[in-house]
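Visitor: Got a structure for you, written out below as structure tokens; questions coming shortly.
The values are calculated or read from the model by the stated rules, or taken from the named source; none is laboratory data. Here the structure is a predicted model, which is why all the values come from computation and not from measurement. Here the Cβ positions follow ideal geometry from the backbone for every residue, glycine too, while neighbour counts run over all protein chains shown. Please note that ligands, DNA and RNA were not included when accessible areas were found on the heavy atoms of the full protein model with its side chains. Shrake-Rupley method; radii C 1.70, N 1.55, O 1.52, S 1.80 Å.
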Amino acid sequence: MDRSRLIGRAGLWLFVALTGVFFLLPLYVMLVTSLKTMPEVRDSSIFALPKALTFAPWAEAWLHACSGRVCEGLRTGFWNSVVITVPSVVLSVAIGAVNGYALALWRARYAEAMFAIMLVGAFIPYQLFIYPLALSFASAGLSNSLAGVVIVHVIFGMPVTTLIFRNYYSGIPADLMNAARVDGAGFWRILGSVILPMSTPIIVVAVILQATGIWNDYLFGLIFAGRDHQPMTVQLIGLVNTRMGERPYNVHMAATLLTALVPLAIYLLSGRWFVRGIAAGAVKG
Amino acid sequence: MKDLPDGPMGGTSSIRIGDLGIRFGDHDVIRGLSLDIEPGEFLVLLGPSGCGKSTLLNAIAGLIDVHAGSISISGRDVTRAEPKDRGIGMVFQSYALYPRMTVKQNMGFGLKVGGMAKAEIAERVARTAKFLQIEPLLGRRPADLSGGQRQRVAIGRALVRDAEVFLFDEPLSNLDAQLRADLRIEIKRLHQQLGSTMIYVTHDQVEAMTLADRIAVMKGGEIQQLAAPAEIYARPANRFVAGFLGTPKMNFLEGELGFAEGRPEFRAGGLRLDLSGLPMAGRAAPGPVVLGLRPEDLAPAGDGPGMIAGEVVLTEPLGPETIVWLRLGSSQISVRMGAEDFPAPGAVLHLRPDLSRASLFDRDSGQRL
Ligand SMILES: Nc1ncnc2c1ncn2[C@@H]1O[C@H](COP(=O)(O)OP(=O)(O)O)[C@@H](O)[C@H]1O
Ligand SMILES: [Mg+2]
């Protein structure tokens, strides 16, 4: 290996190491803090390992911590988040797949224009839409409901999922569609029997993006979900902001980690698939 | 290929295309095209890339909309019919096999969509697979097949549906030369055994010459000539057709058509060629023309009047024959000669043209006189 390659390699490793420290250090601090008792949190350095290991802050965060006047921990929020995330992901990915398929593989009239509008939709800051949307939902009787927040997630997720699927499907040769049409298959049959079976990598990508995005959402949950369906993120903020005497940093850290656990698990378990899906085209070779 | 299996594998249908117009946006790809295809005929659409062959074939298949004219198959107007209702089977250049299905599922897909019972699908697929000798491949995925095997499967998928008309869109262009020659013979045999109507798109004149009952030579969305291969080769309708068929190309000599004592004569520089053996020359008016001579219609001879002389610049020994290239004024001409006794570059060669087999074209329009 010559000199300049060596320097390049060293620079690369330095960058990786710095990035690692940048992201892992806060995680480390949170983890050790969440495993300490409060006296220890107060007295020791934030980088020190716990002397007396305790899981009580985790149990507290999950079962009893107060968010506002309700002291039931984060577990209700967790289930609310599950109930919001699952249908939102399923619907936004399914609709994105159908849209992308229609736009890329059926020469629908005005397909280009519709796609352009959707792209604009994907990049306009959604805060702009929130107020009018909240008003419309109120008049439709959808405010503060599970259906309401799911609809919002689906609407705002759709442009990105459509974009992802359209790009993937535009790599599919027109003759494959033609062959299926000669075989007598229609729009849905071709989608179900020919196209979706080729789509696993990109479905994985879309699901990961949507699942983490929706799980991490705070604003829509706060505005549209209402009291009964508050997602975990909203409860977390409530919990951290509820003050009764001393701030229980260990419980806050545990609660935050609990909330982050789902996206973390998704990335760790599916990272390989994700990379493969991003890199893959629809047609091999 | 095995013998024809029991039962019908396909019927035969006529196809009638009347005044067809196809446009993409405001770009007219095909305008006022008419074409009649006999039942059981093997028609080849031949032309350079981009001339509208696939567009025409896709219109016959019902895969694209036409904006004018009509298409009927077996006397039934199918201009607005869905592809599946036209009784066609189609084979594509890129094979277009369904990647996540096995060969068996690929072949059976159309029947399954059509609602046929499982047992009958299995039986038909098995029969077709046997016919094409692709039984060992039935359990495999397309990714695990070679190019030739994929194209055989694609043919099988078209055959299994008992179509009346088969459409091929450059089915051999993705294969290497040897395989292309093999499959070409198989397709010819397929046509002889099934007797179905077939329309075959290609830009390869060898495929066209060897397979076709009739060739439709296309350029710019228009049919330039529609005739049997031998007719097109011997009497091309214009310079484009003359140049497109035959390797090496027909030789073109620019000159004047004149008459000496009532006998038609081709004049170019000092060259005088007596055209009285060419019936078309006698009927034509004097004026600027292009004389077309195939490389095999020139034979070496001694010096004398009516001979074409040129300096040999290059020889291409092909095995059974040799192509000799000569410089003739500012142009080059080619001559087909024997395998062994051909002249070396630098030599001057005198050639006697067989003018009874020549073609004359108007120099401006390029049309045959
Ligand atoms: N879907 C389409 N949209 C616009 N133009 C097209 C489309 N398909 C084909 N064309 C144009 O029509 C012409 C003929 O194309 P095609 O039929 O594919 O030619 P060929 O098969 O003879 O090579 C080309 O100029 C091509 O650019
Ligand atoms: Mg083509």
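Visitor: Here is a check on your reading of the model: is A:A279 away from chain B (no Cβ under 14 Å) and within 14 Å of the chain's Cα centre (by Cα)?
Guide: When the stated conditions are applied, A:A279 does not pass them.
Visitor: Another question, then. Among the residues of the stretch A:194-205, count how many are facing chain B (nearest Cβ under 8 Å) and either over 31 Å from the mean Cα position of the chain (by Cα) or touching a residue at least 12 places away in the same chain (Cβ under 8 Å) (or both).
Guide: 2
Visitor: Please give the helices (runs of 4 or more DSSP H) falling wholly within the stretch B:198-258 in which 3 or more residues are more than 16 Å from B:L172 (Cβ to Cβ).
Guide: B:229-234, B:239-244
Visitor: Name the pairs: first residue in the stretch B:97-114 and at the interface with another protein chain (Cβ under 7 Å from one of its Cβ atoms), second residue among the hydroxyl-bearing types (S, T, Y) and open to solvent by 10 Å² or more (accessible area, probe 1.4 Å), Cβ to Cβ under 9 Å, at least 6 apart or on different chains?
Guide: Cβ pairs passing all conditions: B:Y98/A:S193; B:R100/A:S193; B:F109/A:S193; B:V113/A:S193.
Visitor: Is it the case that B:S13 is within 9 Å of another protein chain (Cβ to nearest Cβ), assigned to a loop (DSSP other than H, G, I, E, B) and at negative phi?
Guide: No: the conditions fail for B:S13.
Visitor: Against the definition (within 16 Å of ligand 2 (Cβ to nearest atom) and either within 14 Å of chain A (Cβ to nearest Cβ) or surrounded by fewer than 19 Cβ atoms within 10 Å (Cβ to Cβ) (or both)), how does B:I199 come out, yes or no?
Guide: yes
Visitor: Return the residues of the stretch B:176-232 that are within 16 Å of ligand 1 (Cβ to nearest atom) and without any contact (Cβ under 8 Å) to a residue 12 or more places away in the chain; say none if nothing qualifies.
Guide: Within the stretch B:176-232, none qualify.
Visitor: In the stretch B:39-60, how many residues are within 13 Å of ligand 2 (Cβ to nearest atom) and not basic (K, R)?
Guide: 14
Visitor: Report every pair of residues separated by at least 6 positions or lying on different chains whose Cβ atoms are under 9 Å apart, first residue within the stretch A:65-81 and open to solvent by less than 50 Å² (accessible area, probe 1.4 Å), second of a type in the set (F, W, Y) and modelled with pLDDT of 90 or more.
Guide: Cβ pairs passing all conditions: A:G73/A:W62; A:L74/A:W62; A:F78/A:W62; A:S81/A:W215.
Visitor: A further question follows. Can you tell me which of (1) within 14 Å of chain A (Cβ to nearest Cβ); (2) within 16 Å of the chain's Cα centre (by Cα) is the one B:R214 doesn't meet?
Guide: The failed condition is (1).
Visitor: Would you confirm whether any residue within the stretch B:36-53 is in contact with a Phe, Trp or Tyr (Cβ under 6 Å, 6 or more places away or on another chain), in contact (Cβ under 8 Å) with a residue 12 or more places away in the chain, open to solvent by less than 20 Å² (accessible area, probe 1.4 Å) and within 13 Å of ligand 1 (Cβ to nearest atom)?
Guide: Looking for residues that are in contact with a Phe, Trp or Tyr (Cβ under 6 Å, 6 or more places away or on another chain), in contact (Cβ under 8 Å) with a residue 12 or more places away in the chain, open to solvent by less than 20 Å² (accessible area, probe 1.4 Å) and within 13 Å of ligand 1 (Cβ to nearest atom), one finds at least one in the stretch B:36-53, hence yes.
Visitor: Going by what's in this entry, would A:T37 be described as away from ligand 1 (no atom under 16 Å from the Cβ), open to solvent by 30 Å² or more (accessible area, probe 1.4 Å) and touching a residue at least 40 places away in the same chain (Cβ under 8 Å)?
Guide: It is true that A:T37 is away from ligand 1 (no atom under 16 Å from the Cβ), open to solvent by 30 Å² or more (accessible area, probe 1.4 Å) and touching a residue at least 40 places away in the same chain (Cβ under 8 Å).
Visitor: Another question, if that's okay. Return the total of residues in the stretch B:58-82 being closer than 17 Å to B:R161 by Cβ and within 16 Å of ligand 1 (Cβ to nearest atom).
Guide: So the answer is 4.
Visitor: For residues that are facing chain A (nearest Cβ under 8 Å) and in a strand (DSSP E or B), tally how many sit in the stretch B:58-93.
Guide: Number of matching residues: 3.
Visitor: At least 2 residues that are in contact with a Pro (Cβ under 8 Å, 6 or more places away or on another chain) in each: list the helices (runs of 4 or more DSSP H) lying fully within the stretch A:34-150 that qualify.
Guide: A:38-43, A:56-63, A:75-105, A:111-123
Visitor: Return the residues of the stretch A:193-203 that are surrounded by fewer than 20 Cβ atoms within 10 Å (Cβ to Cβ) and closer than 17 Å to A:L91 by Cβ; say none if nothing qualifies.
Guide: Across the stretch A:193-203, the qualifying residue is only A:L196.
Visitor: Considering only the stretch B:326-369, give the strands (runs of 3 or more DSSP E) lying wholly within it that have at least 1 residues that are in contact with a Ser or Thr (Cβ under 9 Å, 6 or more places away or on another chain).
Guide: Of the strands (runs of 3 or more DSSP E) lying wholly inside the stretch B:326-369, those with at least 1 residues that are in contact with a Ser or Thr (Cβ under 9 Å, 6 or more places away or on another chain) span B:331-337.
Visitor: Residue by residue through the stretch B:311-338, note down the ones that are of a type in the set (A, V, I, L, M) and touching a Gly at 6+ places or on another chain (Cβ under 7 Å).
Guide: B:V312, B:L326, B:L328, B:I333 - these are the residues of the stretch B:311-338 that are of a type in the set (A, V, I, L, M) and touching a Gly at 6+ places or on another chain (Cβ under 7 Å).
Visitor: Next question, about the same structure. Sort out which residues of the stretch A:152-190 are surrounded by fewer than 23 Cβ atoms within 10 Å (Cβ to Cβ) and under 16 Å from the mean Cα position of the chain (by Cα), and write them in order of number.
Guide: Result: A:V154, A:I155, A:F156, A:M158, A:P159, A:V160, A:I164.
Visitor: Of these, B:F244, B:F252, B:F240, which one is under 14 Å from B:S359 (Cα atoms), within 16 Å of ligand 1 (Cβ to nearest atom) and open to solvent by 30 Å² or more (accessible area, probe 1.4 Å)?
Guide: Just one listed residue meets the conditions, B:F240.
Visitor: Confirm whether B:F166 is farther than 16 Å from B:Y95 by Cβ, aromatic (F, W, Y), open to solvent by less than 10 Å² (accessible area, probe 1.4 Å) and not in a loop (DSSP other than H, G, I, E, B).
Guide: Answer is no for this residue.
Visitor: Also, quick follow-up: Among the residues of the stretch A:108-115, is there at least one that is of a type in the set (S, T, Y), at pLDDT below 90 and not assigned by TED's automatic domain parsing to the domain that holds A:T162?
Guide: Looking for residues that are of a type in the set (S, T, Y), at pLDDT below 90 and not assigned by TED's automatic domain parsing to the domain that holds A:T162, one finds none in the stretch A:108-115, hence no.
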